[in-house]
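Taking it in order: structure first as structure tokens, then the write-up.
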Amino acid sequence: MMIRSFFTFIVFCLSVAGWAQPKDYQWLSPSKNASESMPCGGGDVGMNVWVERGDVLFYLSRSGSFDENNTLLKHGRIRLSVSPGLDMHYFQQILHLNEGYVEVTDGLISIRLWADVYKPVVHIDVESMREKVVVAATYENWRTTDQPLTKRAAFQTSYKFAAPKGLMTLRDSIMAGNRGITFFHHNGEKTIFDATVEQQRMTAVKDRLYNPLKNLTFGGSMKGTGFVLMDRVSGHYGAAPYEGWMYVMERPAKKTHLQITMATKQGTIDDWLAELSMTEKKVRTDHDRWRSQQWWRNFWKHSYVEVGGRKGEAAADTTVAALVRNYTLFRYMLGCNSRGQWPTKFNGGLFTFDPQYVNHDTEYWLSPDYRNWGGGVHTAQNQRLVYWPMLKNGDAELLRPQLDFYLNIYKNAEERSRHYWGHDGACLTEQIENYGLPCYAEYGSKRPNGFDPGMERNAWLEYEWDTCLEFCMMALEAHRYQGMNIAKYIPMIRSCLTFFDEHYQYLANMRGARRLDGNGHLVLYPGSGGETYKGAYNATSTIAALRTVTQALMEYEEEKGDTAALRVHTALLSRLPDITLRDSMIAPALHYERVQNTETMQLYPVFPWRMYGVGRPDIDIARNTYRNDSLALKFRSHVGWKQDVIWAACLGMTDEAWRLLQLKMGNGPHRFPAFWGPGFDWTPDHNWGGSGMIGMQEMLMQEVGDSIYLFPAWPLDRDIRFRLHASDGTTVEAELRGGKVLSSKLTPAKSGKRLVKPKG
């Protein structure tokens, strides 16, 4: 009892020491099933960890594990059993946020799971403070045979609702030796990439296209000192049958360690095995643990949002405390894919679980690989919300997987423009595959004769090309905020702008003898305001995007002394039309043909494009749009990717922002409170969390020119403190208590910026 009490005291002390150190998050009872799992990860590896009927289980995921159909497959499930078992009277499952690992303990037996931030390796440490224990580790796999995909299951692939008959998830390869097991999935020569190229009439340029799926192998190995193969088992978990290989310690011990090493490689299976072996040889467990924990400690020092008193004083405001906790937990989930080659997916990231616990309809009784809206296809309108908050969090380096995604695919998008229309520029569509072509399903298989082969035949997605500009802006902002070297992204940004300039002149030339309108401006028709305002003429969201990105690029070019490029983009800026105002409100477009979805694109000039807001001109026009536009009112919501909380915050509408923030960042429907969703997408809904995080940041701090507004939309009777980032490498710290700003700090002090405190 004394040992357990002392252990609890130590956990408490660690959880409250220092502002920048996040508090541990813990459960005091085991879970019912995988829906009550806790995230754990690092680098580009994610685990869902839970304890069920005395066993510790976790799903193992790694970004970039795309199969032939572009499903993001899990690597399997691990089941750990300890004998003698945990005393459930003293059970604790703790997410140690500051060091980035999960611990399951009863105070005497401890099981710690952590992922190496710098290598794709998972470690499991088991330690007993009493008698020696025996650990059994079972690798469980539900893809031991080829699995036919149902109509619903096909939505986990890029074929989605257009899946061909007989589509299957092909089996994994498993090599179980006496001392360890190796498991992998190997794509062959032909994948959905080939089907997409043929469907979209790109065969003539196929050899020039980037193809990340061909001969891709991913998987890993599990082994531990003194573990031997004991049994082959089978069973069901959720709706999925599985086979398992159980490895057991040869003799009891007070300490033991298991290691799961992963590798991803295009080429032959031998190439993959060599990559796996090379990673195994680089493992230095104690050193790797120290480096990974140090990475997490530094990560949390970048920024924080906290509530309550100093140094262990209890939080007085439980509502704010819950919102802040969820903000912090979600930021941890984003940090788990900090160093991956591939970005965090909006529809679950690395932390999806059995779909029957998300949707109870029988059609969702599927394997743990399922997520709605595909694994390799990216919906840009959703993805952007995952990555925008990283700037103010000081996590600009975490943007690289998302920026590199576009860097890798934009050349394929340039090939589309040249092949279909004979002009330059990258045509990057809204639903974009990880090889830069439109999603197979969304492109449309039933196309009338003569329909432009460069166009998607899709009511929601036709003419929607501007979402790539938000990622261009993220790169430019990463440079402005933290001085990131973005030289490699500049050709991509220029190419995205070139597409709009050349394509809309091309379309105008097809219609008549003039390429520009009577004012010398581009005619952005046909266009699209998101997925909502279709057949748009001069869509407001597109114009705001083109103007803002072009201006930001010109500032970069001026900084770098690139006068030739500056002249090109000065001319482009002069060709861009103005956004349309109507009845003292921002209009979605000069004209549009129909409403297809529920996005309030007329407020995009507020966010992400920041043409209106606190401290900016004509804020009343934007507020009037928010309050009175009939469709803005009809579409208002906090669910999923909805941005109303962000707009309310950017417009200084404190009561409205606070109302929506409580709905947006309150507890999700599952045991782990930052597992929101499914919303419009899937669980955990990362664009739900991202939009809520942005909203909270904007409520706490906004920057306009050299002025930084403190608490511009935060209720002054709600105590809180933060450290967030502004441009030019500036950090901002402030504390609000009792309705007053007790402290505020700019670093560096001579940043040339001024703080604007709230009145009241």
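Overview of values
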| read-out | value |
| --- | --- |
| Answer residue from segment 39-62, given it is open to solvent by 10 Å² or more (accessible area, probe 1.4 Å) and assigned to a loop (DSSP other than H, G, I, E, B) and is farthest from residue 163 (Cα to Cα) among those | 54 |
| Residue in segment 367-385 that is out of contact with any strand residue (DSSP E or B) (no Cβ under 9 Å at 6 or more places or on another chain), outside any helix (DSSP H, G or I) and not β-branched (Val, Ile, Thr) present | yes |
| Test for residue 297: is it closer than 30 Å to residue 400 by Cα and modelled with pLDDT of 95 or more | yes |
| Yes/no for residue 470 being closer than 29 Å to residue 389 by Cβ, open to solvent by less than 10 Å² (accessible area, probe 1.4 Å) and assigned to a loop (DSSP other than H, G, I, E, B) | no |
| Residue among 320, 358 that alone is of a type in the set (Val, Ile, Thr) and open to solvent by less than 10 Å² (accessible area, probe 1.4 Å) | 320 |
| Matching residues, segment 70-109, being open to solvent by 10 Å² or more (accessible area, probe 1.4 Å) and small (Gly, Ala, Ser) | 81, 83, 85 |
| Close pairs from segment 732-760: first closer than 17 Å to residue 703 by Cβ and part of a loop (DSSP other than H, G, I, E, B), partner open to solvent by less than 70 Å² (accessible area, probe 1.4 Å) and β-branched (Val, Ile, Thr), Cβ under 8 Å, at least 6 apart | 748/730; 751/730; 753/708; 753/730; 757/741; 758/741 |
| Within segment 108-149, tally of residues that are more than 19 Å from residue 254 (Cα to Cα) and either out of contact with any helix residue (DSSP H, G or I) (no Cβ under 7 Å at 6 or more places or on another chain) or in a strand (DSSP E or B) (or both) | 16 |
| Residue 396 vs. criteria among the aliphatic types (A, V, I, L, M), over 18 Å from residue 434 (Cα atoms) and either open to solvent by less than 10 Å² (accessible area, probe 1.4 Å) or in contact with a Cys (Cβ under 8 Å, 6 or more places away or on another chain) (or both) | yes |
| Selection count where residues are acidic (Asp, Glu) and either touching a Pro at 6+ places or on another chain (Cβ under 8 Å) or modelled with pLDDT under 95 (or both), scope segment 504-556 | 1 |
| In segment 133-165, the residues that are open to solvent by 60 Å² or more (accessible area, probe 1.4 Å) and either within 22 Å of residue 47 (Cα to Cα) or touching a strand residue (DSSP E or B) at 6+ places or on another chain (Cβ under 7 Å) (or both) | 146, 147, 148 |
| Tally of residues being assigned to a loop (DSSP other than H, G, I, E, B) and closer than 30 Å to residue 694 by Cα across segment 474-512 | 4 |
| Members of segment 165-177 found to be touching a residue at least 24 places away in the same chain (Cβ under 8 Å) and either outside any strand (DSSP E or B) or under 14 Å from residue 365 (Cα atoms) (or both), listed by number | 167, 170, 171, 172, 177 |
| Lone qualifier among 506, 435 - being touching a helix residue (DSSP H, G or I) at 6+ places or on another chain (Cβ under 8 Å), open to solvent by less than 50 Å² (accessible area, probe 1.4 Å) and not acidic (Asp, Glu) | 435 |
| Residue 707 vs. criteria open to solvent by 10 Å² or more (accessible area, probe 1.4 Å) and out of contact with any Ser or Thr (no Cβ under 9 Å at 6 or more places or on another chain) | yes |
| Leading residue by the ranking (most open to solvent (accessible area, probe 1.4 Å)) among those in segment 537-572 that are charged (D, E, K, R) and more than 17 Å from residue 504 (Cα to Cα) | 567 |
| Test set (1) open to solvent by less than 10 Å² (accessible area, probe 1.4 Å); (2) in a helix (DSSP H, G or I); (3) touching a residue at least 60 places away in the same chain (Cβ under 8 Å); (4) of a type outside the set (A, V, I, L, M) - residue 577 fails condition number | (2) |
| Test: residue in segment 60-70 that is aliphatic (A, V, I, L, M), modelled with pLDDT of 95 or more and in contact with a helix residue (DSSP H, G or I) (Cβ under 8 Å, 6 or more places away or on another chain) | no |
| Residues satisfying the stated conditions in segment 195-231, i.e. closer than 23 Å to residue 269 by Cβ and open to solvent by 20 Å² or more (accessible area, probe 1.4 Å) | 210, 211, 214, 215, 223, 229 |
| Residue check for residue 602: touching a residue at least 60 places away in the same chain (Cβ under 8 Å), more than 20 Å from residue 707 (Cβ to Cβ), open to solvent by less than 10 Å² (accessible area, probe 1.4 Å) and in contact with an Asp or Glu (Cβ under 7 Å, 6 or more places away or on another chain) | yes |
| Some residue of segment 680-690 being touching a strand residue (DSSP E or B) at 6+ places or on another chain (Cβ under 6 Å) and either in a loop (DSSP other than H, G, I, E, B) or surrounded by 23 or more Cβ atoms within 10 Å (Cβ to Cβ) (or both) | yes |
| Qualifying positions in segment 527-536 - crowded, with 24+ Cβ neighbours inside 10 Å and either touching a strand residue (DSSP E or B) at 6+ places or on another chain (Cβ under 7 Å) or in a helix (DSSP H, G or I) (or both) | 527, 528, 529, 532, 533, 534, 536 |
| Residue match in segment 703-711 (condition: hydroxyl-bearing (Ser, Thr, Tyr) and over 20 Å from residue 612 (Cα atoms)) | no |
| Test: residue in segment 445-465 that is open to solvent by 10 Å² or more (accessible area, probe 1.4 Å) and closer than 21 Å to residue 213 by Cβ | yes |
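Condition check ((1) among the small types (Gly, Ala, Ser); (2) in contact (Cβ under 8 Å) with a residue 40 or more places away in the chain; (3) under 22 Å from residue 458 (Cα atoms)) across all residues:
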| residue | (1), (2), (3) |
| --- | --- |
| 340 | yes, yes, no |
| 347 | no, yes, yes |
| 351 | no, yes, no |
| 366 | no, yes, no |
| 390 | no, yes, no |
| 399 | no, yes, no |
| 403 | no, yes, no |
| 416 | no, yes, yes |
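To keep it simple, each residue is scored yes or no on (1) in contact (Cβ under 8 Å) with a residue 60 or more places away in the chain; (2) among the β-branched types (Val, Ile, Thr); (3) closer than 30 Å to residue 363 by Cα.
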residue	(1), (2), (3)
91	yes, no, no
96	yes, no, no
109	no, yes, no
134	yes, yes, no
145	no, yes, yes
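The values are calculated or read from the model by the stated rules, or taken from the named source; none is laboratory data. Worth saying up front: this structure is predicted, and the values here are computed from it rather than measured. Here the Cβ is made from the backbone with ideal geometry for all residues, glycine too, and neighbour counts use every protein chain on show. Note: areas computed on protein heavy atoms with side chains; ligands, DNA, RNA excluded. Shrake-Rupley method; radii C 1.70, N 1.55, O 1.52, S 1.80 Å.
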